[in-house]
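Down below is the structure, laid out as structure tokens.
The values are calculated or read from the model by the stated rules, or taken from the named source; none is laboratory data. Predicted, not measured: the structure shown is a model, and the values here were computed from it. FYI the Cβ positions are ideal-geometry reconstructions off the backbone, even for glycines, and counts take in every protein chain you see. Calculation scope for accessible area: heavy atoms of the full protein, side chains included, ligands and nucleic acids excluded. Shrake-Rupley method; radii C 1.70, N 1.55, O 1.52, S 1.80 Å.
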Amino acid sequence: MPATAAPVPDHVPPGLVGSFNLFTAPGMVPTPMGDPHATTSLLHSGPPIFFAPGNTRNGEGTWVVVKAEDQRRVLQDGATFSSNRNIFASALGESWPMIPLEIDPPEHGVWRSLLNPLLSPRRVMNLEPVVRQRAIDLIEAIKAKGTSSDVMEDFCLPFAVSIFLQFLGISSERLTEFVAWATDLLHGTPEQRTAAARTIVAFLDDLRDLRRREPADDFMTYVTTAQIEGRPLTDLEVRGMAVLLFIAGLDTVAAAIGFDLYYLAQNVEQQTLLRAEPRRILLASEELLRAFPTVTPVRRATMDVELHGVTIRKGDLVACPSMTANRDPDEFPDPDNIILDREDNRHVAFAYGPHRCLGSHLARREIVIGLEEWLARIPNFTIKANTTPITHGGFVFGVEHLVLDWSEGGEG
């Protein structure tokens, strides 16, 4: 939960202060069998921009931009709307950016060019056999234990963490340890989150130092031996890249697969169709990304700017929930209806503009492979009787306690 909401700035007209909050609005707090995406979709019945008090973890309020077209304007304009916020570092009482996410143009382009080869479609294709084998191993281990599973704990998060370990060049034998760190970081108390963050940073720093001495064929070696504008990267720059890879590669992918399985568990006819015709999974995964995106990009205004007649002052935070853009009726016919064969699907689950997700190619393949292997190996599944999934909002939406059952093909 966020800190106590800060006072609404004096320049915000009272009529533009909304009651919605990504953390505390109904449907956003941990909710049994909730649908936070449907809750945010309701914002389309209100103004295209409003101010949401306490709409960050530290209690600061943000403007909320509802429409997809307006979000594109904000996210494309890195000069007016900065992403340089040092979110992770500031939580540790430090000041360094996650790179390239918290670097603004034009410097951002230099960093992006450095990292693009690491997550190119060709490199992702080369990783695919490993990704698929990790999915198979996890699912087969789940099947060996019985006919039900808390899939967030047993599959979604370990799957995402295992790919991160592969990228870093770390043995999968440390999977359990890393999953515990990730769980505390993403879902623990404030004290647990801070402790996990310090543990992760210390590990990544140690790995950086090791790779400077003993190079290998992995991400950390690449960035420790790379040069930016004719010079080697500093220790903090390497840390900023590694932390972003850790954060971006875990919660979002795990949450996306979780929401997909949550939906399919409630719509057995859809999973039956995908299981019978697996070629449909690729297109279906894009519709599920549209319907259940997980992130809300936030920017800080670098100057006074007007949007829909509303003056956003220099220093104001501006939130662009991908959930409202992806449910915008001006962009998608029948946006609240999940149509698994929807085409021309210009969703923004991976954000938009210069900071569009660098790892989108890998994330897409993880999601598709995860669904392919789950549906190929697990029969019809439903939510286990007497269990209740819990959904939550925030700047990364998620689902927890998602216990699926496939006894008798999912009946019972």
>> Can you bin every Cα-Cα distance in the chain into 20 Å intervals starting at zero and give me the percent of pairs per bin, rounded to whole numbers?
In response: 26, 59, 14, 0
> Per 5 Å bin, what is the whole-percent P(r) computed from every C-alpha pair distance within the stretch 241-345?
Replying inline: 2, 10, 16, 17, 16, 13, 11, 7, 3, 3, 1
>> Considering all projection directions equally, how large on average is the shadow of the alpha-carbon convex hull of the stretch 32-187, in square nanometres?
In response: 13.2 nm²
>> Rounded, prolate or oblate for the stretch 284-412? Axes are the square roots of the Cα gyration tensor eigenvalues, ordered a ≥ b ≥ c, and the cut-off for rounded is a/c under 1.5.
In response: prolate
> If we count every other residue with Cβ under 13 angstrom of residue 181's Cβ, Lys/Arg +1 and Asp/Glu -1, where does the sum land?
Replying inline: 0
> Percent of accessible area on the chain owned by carbon and sulfur, 1.4 Å probe?
Replying inline: 54 percent
> Per the helix-only calculation at 222 nm, which mean residue ellipticity applies to the chain, given -39500 (n - 2.57) for every DSSP H run of n ≥ 4 and division by its residues, nearest 500 deg cm²/dmol?
Replying inline: -14000 deg cm²/dmol
> Using a Gaussian network model of the chain with C-alpha springs under 10 Å, which one of 324, 296, 147 is most mobile by mean-square fluctuation?
Replying inline: 147
> By the gyration tensor of its Cα atoms, with a ≥ b ≥ c the square roots of the eigenvalues, what is the shape of the stretch 219-283: rounded for a/c under 1.5, prolate for a/b over b/c, or oblate?
Replying inline: prolate
> Of 320, 357, which has the most accessible area and how do the rest follow, probe 1.4 Å?
Replying inline: 357, 320
